[in-house]
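The values are calculated or read from the model by the stated rules, or taken from the named source; none is laboratory data. Bear in mind that the values here come from a model prediction, so they are computed numbers and not experimental data. Neighbour counts are summed over all protein chains in view; Cβ atoms, including those assigned to glycine, are modelled from backbone coordinates with ideal geometry. Quick note on the areas: whole protein, heavy atoms, side chains included, nothing else; ligands and nucleic acids left out. Shrake-Rupley method; radii C 1.70, N 1.55, O 1.52, S 1.80 Å.
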Amino acid sequence: MTVSAHDNRPRLPTWEAALSHLVLVAGGFFLMIPLAWMLSTSLKSLGTVMSLPPEWIPRTFHWENYADIFRLVPFGRYVWNTVVITLLDVMGKIVSCSLVAFAFARLRWRGREALFLIMLATMMLPPQVTMIPQFVVFKHMELIDTIVPLVLPNWLGGPFLTFLLRQFFMSIPLDLDDAARIDGASNFGIFWRVVLPLSKPALAAVAIFMFNGSWNDFFGPLIYLHSRDKYTIALGLRSFQDQNYTEWHLLMAASLVAMLPVVLIFFFAQKYFIQGIVFTGVKG
Amino acid sequence: MSKGKFTRRTFLQMTGLGVSTGLLAACVPVAAPSAEEAAMPEPVTVTFMVPGSTNEDADFAPVFEEFNNRYPEIDGQYTPAGTGYGQAYNDKLLTMLSGGTAPDTFKTLFGYFGSLAEKNVYVPLDDYAAQHPDETVFDDFFDAHVNACIIKGQLLALPNDGAPEGIWYNADLYDAAGLPYPDWDTTWSDMSAAGTALTQVDGSITTHYGIGHPNWLGTIWSNGGEILNEDGTQCMLDSDEAIEALEWMQSLVVDDGSAPGPEALSELGMFDRFTSGTLGSFWCVRGCLGGLRSIEDFQFDAAPLPLSNSGSRLTRLLIGWTSIWSGSEVPDEAYLLAAWICSPEGQRLRISRGYAHPSRKSLVEQDWYKNYECERCNSHAVNNVFPEMLLRGEGRAWPAHPNESEIVQAITTGLDSLWDGSKPAAQLAADLTAEINGIIG
Amino acid sequence: MIPPSSPMRRREERDGWLFASPWLLGFLLFTVGPMIASAFFAFTEYDVLTQPKWVGWANFDKALTDDPKVGQALKVTSIYAVVSVPLQILLGLCVALMLNTRIRGLQFYRTVYYLPSVLSGVAVALLWRWIYAPNFGLINSFLARFDIVGPGWLGDKDWALTSMIGMSLWHVGGGIVIYLAGLQGVPSELYEAVRVDGAGRGAAFWHITLPMITPVLFYNLVIGIITALQIFTQALIMTNGGPHEATLFIVLYLYRNAFQFFKMGYASVLAWILFGYILMLTLLVYRSSGFWVFYAGELKSR
């Protein structure tokens, strides 16, 4: 068995690379137009935000919109709260989901298949009908208006990402486990030294998903947080919806600011799931 | 063997570390308030929840500052729900009520007051109002506003504001078409004619619509129609008056093409379309001024609702129901806060910097209201139109009903076929009547 | 090769439960109770504020025989899932394959293609309203250049569902990330082997890449089915079920019952009907997976 850093991505002939660029640029252009439009909207005033036909270039650039969102809403506070919750969520998700996925993917134990199906089944009931009973559970634990209801479940597995990691773990040849066992490794040793190192791309994907999901979560903070100094960005973004109209310019500015960290994380984290360590196969 | 032990311990440590980190991080904020000693005369905390838009936050700030000055023994806490205005506010409120963690006082949005009242969510306020006449100043409320807070003879809320609906028109478009502005004598047919005259078509695209969608409730009421009978046991939408009102609404979109249809609305909503300068007029409350004041390109103003075919006018009121939760442990203090928020001075502090409509007769007489300077308001009719309609008794709130949110949903869904012409008004009225009777029955 | 009763096997048996215990704990603490509660509510009339009242099968009767909205909701939800899930999988895979080559600027491209998945909430609503706007919107302006009059999209009852499906494709970024991670697990050695055999890249894709990423394809299919059939937020903020209930998805309808109409009992019945529907589909896919999903490290049953 050899495990090494290895790039298995196909090398393209020049003309094909050029074609790829063309297609990717065209698709990317289509995806970027809406964001460019968001940027343009975020720099207008409320009175000129809407026009038919739409104006691309703001008549005057209202850069102060970006200052206003911090002035009108305790946005800095919200960002900090969101960062804390998100980081705890991501840590918890990676630790707990990888442990649970290891049990489902690589250990033989009675009840494994049945429990796996039960885990899948928990995703199938729409959360709208379990939301209130869940709220009552946390209320009895006196945890309302704390971040525990938002964070704790993420330290206890969670079907979506456990399932994902299970799929990746099951793609790693079993011979590696057996070889490690013969070398005297415990199950945890296999988890730690064989499976996890080979799953860096998958773990990076899980981290990105969880970061994104936690960062943008609206219903969790909505239900469980009751005092404003604990609110998150997703709640803050709603405060631009007034009774009779929406302050689109501020909403767009705040949305752009809010998405920036996620984009940056993605930009830098992607090298892990692109250039992760790739095992080059098992011999013998 | 030792490796096996190490494994388990490491595993437990990891899990333990994780869980305790989470608990620790979460417990830090709760630790402070729960550790209070009873010996100190701490002020009683009373919470007040509203959706909490940015404007609302700013408007309420001086109200709470002043309250906490006046009542040092009470700590009034402004608690925005973090939802802005939308369905999410009701979701949060309902979850809190169901879980028994609701705020002491809170605002109820349109469509929920009757439903929540039936489920005993509110403390009846009659005795409190009698005990605190100076704080309540009952007689100063507009009658329609107070009536909207009374269900089965019980006062279940105080109105912290309550907005009648008027017409906002684009004065520049009216001028360009040589049309007189809408005023007290404007009728439905005048509005139709103006709508048609103001509509501009370029090829297959309507670039300017002359008129917005009339609000269904006010329009039906104005013509003498009713949604429900007096005791809320029967839907009355299939009356001739109601059908005539629906027909007028439909004619604007389907016959005249002067009001935007569903497709045009999916492009730009009524408010946004008006600010873009491509809508002649639309139905909205005074609160719209908060957004309209930032218009740069044209003059505008408000006008009363047009007179119906039966020659009358009735505008629906959007009431700011301020109630006390029946589970509150401090209802007395909560009442003082609610009464303050709804008091003349409490409303003045909030509304004189914002744009809601006061529920108090005395406030619309005050200078800040009567002589409000609005840069692009054409004739400042905005300062007298809304109170005048109220003083003429032309305002009314939706009569609270246990099934009101379901009824409203049925009507708004049904209106789809009015706006796109797929059902004649009479057919829609018949269908809705059957559906709503099914809901009530 | 390892005897089933060996200490090693017993340890594996025990460690299985140990490793799975975080999820088991979470399941017992926070999931199973609320699920049982909602199953109980399904047999009651429950407004979430006063005590539930036992009504037996009445809610089921109403949902299955007496409520035309349920049929409509299941219909549009199914159409949405049947069309959007395969499209998402296909599109995601195609883009991921393109992003998994060695060309310059990939880090930038990948970020661009993931960007839409980052955006959420109300801003998305305004964005799509503008993209789909009938007269001056992005799509119809583009079509107008070719003298095509585009439809009314979100405001048109015949196109609203199509519009929602289109929106779902904007969010394939998540799927792309999974495919990219999956593609890293394909041993390069295998590619070298086919190259030596003189096979083309097409053959390499069919015989190596595709089989090797079936585990993640399987994941995206199952999760795609579950999330598509539970579509909710987009419908709530974009169309609120309209026009003419053309986008009245089942979860939107049950949400209305639960939180707007105070009919949590009925909402629970709808939720459990949907549960059964998803479970049936998932089990079908799960059973079929033995024929088409290839796991390099699958544990054979004992």
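Relative to the longest principal axis of the C-alpha atoms of chain A, give the angle of the C-alpha long axis of helix A:131-140, reported between 0 and 90° and rounded to the nearest 10°.
That helix lies at roughly 80 degrees to the long axis.
With a point put 7 Å past each Cα toward its Cβ, work out how far B:Gln366 is from B:Leu391 in nm, to one decimal.
1.7 nm
Would you look at the GNM of chain C, springs on alpha carbons closer than 10 Å, and say which of C:Phe291, C:Phe261, C:Phe60 moves the most?
C:Phe291
If you take the accessible area of A alone plus C alone and subtract the pair, what total do you get in square angstrom, rounded to 100, with a 1.4 Å probe? Spell out each step's value before the answer.
Values: alone 17730 and 19270 Å², together 26360 Å².
Accessible area lost upon association: around 10600 Å².
Taking a cut-off of 13 Å between Cα atoms, list the aspartates and glutamates near C:Lys53, but don't count ones fewer than 8 places away on the same chain.
Reachable aspartates and glutamates: C:Glu45.
Give the relative contact order (percent, whole number) for region C:68-292; include only Cα pairs under 8 Å separated by 6+ residues. Intermediate values should be presented prior to the final figure.
Values: 227 pairs, mean separation 60.5, N = 225.
This gives 27 percent for region C:68-292.
List the pairs from B:Lys107/B:Lys370; B:Lys423/C:Lys157; A:Lys44/B:Lys370; A:Lys93/A:Lys139; A:Lys93/A:Lys200; B:Lys92/B:Lys423 whose alpha-carbon separation is above 25 Å, in the order I gave them.
Details: B:Lys107/B:Lys370 27 Å; B:Lys423/C:Lys157 14 Å; A:Lys44/B:Lys370 31 Å; A:Lys93/A:Lys139 23 Å; A:Lys93/A:Lys200 14 Å; B:Lys92/B:Lys423 36 Å.
Violating the 25 Å Cα-Cα cut-off are B:Lys107/B:Lys370; A:Lys44/B:Lys370; B:Lys92/B:Lys423.
Can you tell me, using C-alpha contacts under 8 Å and at least 6 residues apart, the relative contact order of region A:73-276 as a whole percent? Could you put the intermediate results ahead of the total?
On the way: 184 pairs, mean separation 69.4, N = 204.
Relative contact order of region A:73-276: 34 percent.
When you look at the Cβ of every residue in A:53-65, what mean number of other chain Cβ atoms sits within 10 Å?
Mean shielding count: 2.
Rounded if a/c is under 1.5, else prolate if a/b beats b/c, else oblate: with a ≥ b ≥ c from the C-alpha gyration tensor eigenvalues square-rooted, which is chain C?
Oblate, because a/c is 1.5 or more while a/b does not exceed b/c.
For region C:68-292, what is the accessible area per residue in Å² when the probe is 1.4 Å?
Values: 8080 Å² over 225 residues.
Dividing the accessible area of region C:68-292 by its residue count gives 36 Å².
For A:160-169, what's the mean count of beta carbons from other chains sitting within 10 Å of each residue's beta carbon? Walk me through the numbers before you get to the answer.
Values: counts 4, 0, 3, 5, 8, 1, 3, 15, 9, 3.
So the per-residue partner count for this stretch is 5.
Take every residue in peptide B:115-122, count the Cβ atoms of other chains within 10 Å of its Cβ, and give the average of those counts.
Details: counts 5, 3, 0, 4, 5, 2, 2, 0.
Counting other chains' Cβ atoms within 10 Å and averaging over B:115-122 gives 3.
Could you name the aspartates and glutamates whose alpha carbon sits less than 12 Å from that of B:Lys119, not counting residues in the same chain fewer than 8 places away?
Straight-distance partners of B:Lys119: C:Asp47.
On C-alpha positions alone, give me the angle between the axis of helix B:425-440 and the longest principal axis of chain B, in degrees, nearest 10.
Here the helix axis deviates by roughly 30 degrees.
Which whole-angstrom value gives the distance between the alpha carbon centres of region A:171-241 and region B:116-135?
When both Cα centres are located, 50 Å separates them.
Return the FRET efficiency for the residue pair B:Ala58, C:Asp158: r is the Cβ-Cβ distance, R0 is 41 Å, and the value is rounded to the nearest 0.05.
About 0.40, to the nearest 0.05.
Based on DSSP H assignment, which helices of chain C show an axial Cα extent of at least 27 Å together with a mean Kyte-Doolittle hydropathy greater than or equal to 0.0? Working shown, then result.
Values: long enough: C:7-26 (29 Å, -0.86); C:68-98 (45 Å, 1.43); C:264-292 (41 Å, 1.33).
Helices passing the filter in chain C: C:68-98, C:264-292.
Which order do you get for B:Arg273, C:Arg102 if you rank them by accessible area with a 1.4 Å probe, largest at the top? List each step's numbers first, then the result.
Details: B:Arg273 5, C:Arg102 80 Å².
Order by accessible area, largest first: C:Arg102, B:Arg273.
Non-local amide H neighbours of B:Asp75 (under 5 Å, H modeled in plane, Pro and chain starts lacking H): which ones?
It is B:Val44, B:Thr45, B:Val46, by chain and number.
What is the ratio of the Cα radius of gyration of chain B to 2.2 N^0.38 Å, where N is its residue count, to two decimals?
On the way: Rg = 25.4 Å, N = 441, 2.2 N^0.38 = 22.2 Å.
Dividing the Cα radius of gyration by 2.2 N^0.38 Å gives 1.14.
Take peptides B:147-156, A:50-59, A:204-213 and line them up by average Cβ neighbours within 10 Å, highest first, as a rough protection proxy. Let's see the in-between values first.
Values: B:147-156: 17.7, A:50-59: 15.5, A:204-213: 22.9.
My ranking of the peptides, most packed first, is A:204-213, B:147-156, A:50-59.
In the P(r) worked out for the protein assembly as shown, what percent of Cα pairs fall beyond 50 Å? All intermediate terms of the calculation are to be shown ahead of the outcome.
On the way: 137162 of 526851 pairs.
Here the long-distance tail beyond 50 Å is 26 percent of all Cα pairs in the protein assembly as shown.
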